[in-house]
1. Given a 1.4 angstrom probe, I'd like the percentage of the accessible area of the chain that is carbon and sulfur, rounded to a whole number.
2. Dipole of the chain, Cα-centred, from +1 at each Lys and Arg C-beta and -1 at each Asp and Glu C-beta, to the nearest 20 debye?
3. Grab the other residues whose beta carbon is less than 12 angstrom from that of Gln37, score K and R as +1, D and E as -1, and report the net.
4. How many nm separate the modelled label positions at Glu21 and Ser7, each set 7 Å beyond the Cα in the direction of the Cβ?
5. Given a 1.4 Å probe, how much area per residue of the chain is accessible, in Å²?
6. Quote the convex hull volume per residue of the chain, based on C-alpha atoms, as a whole number of Å³.
7. What residue among Asn30, Cys44, Cys10 has its Cα farthest toward the positive end of the dipole of the chain, where the charges are +1 on Lys, Arg and -1 on Asp, Glu, each on the Cβ?
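The values are calculated or read from the model by the stated rules, or taken from the named source; none is laboratory data. Keep in mind that what you see is a predicted model, and the values were worked out from it rather than measured. Methodologically, a virtual Cβ is constructed for each residue, glycine included, from the backbone with ideal geometry; neighbour enumeration extends over all protein chains shown. When the accessible area is computed, the model is the full protein with side chains, heavy atoms only, and any ligands, DNA or RNA have been set aside. Shrake-Rupley method; radii C 1.70, N 1.55, O 1.52, S 1.80 Å.
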Amino acid sequence: MTTTDDSFECDTCGTVVPFEEARRSETMGNLDPKKWQTLCCPECGNRLKTVFVGGE
């Protein structure tokens with residue numbers, strides 16, 4: 001599971017984005033949006049990672 005201490009490097013612009021600063025968007029496909037979120041770079045909008053945010 002992703003923690004709030006995690007950060008992600010954008011493959012497009014190279015920005016290192018802390019979890020808390022990543023822009024959230026809807027997931028693609030049939031993933032439950034209450035359990036999954038797609039994190040995007042706030043600088044260029046590129047998708048960083050899709051993470052599980054639902055409870056166990």
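1. Accessible surface attributable to carbon and sulfur in the chain totals 44 percent.
2. Around 240 debye, computed over the chain.
3. Details: positive: Arg23, Arg24, Lys34, Lys35, Arg47, Lys49; negative: Glu26, Asp32.
Cβ neighbours under 12 Å give a net charge of +4.
4. Label-label distance for Glu21 and Ser7, simple model: 0.8 nm.
5. On the way: 4060 Å² over 56 residues.
Per residue, the chain has an accessible area of 73 Å².
6. 74 Å³
7. Projecting each Cα onto the dipole axis, the largest value belongs to Asn30.
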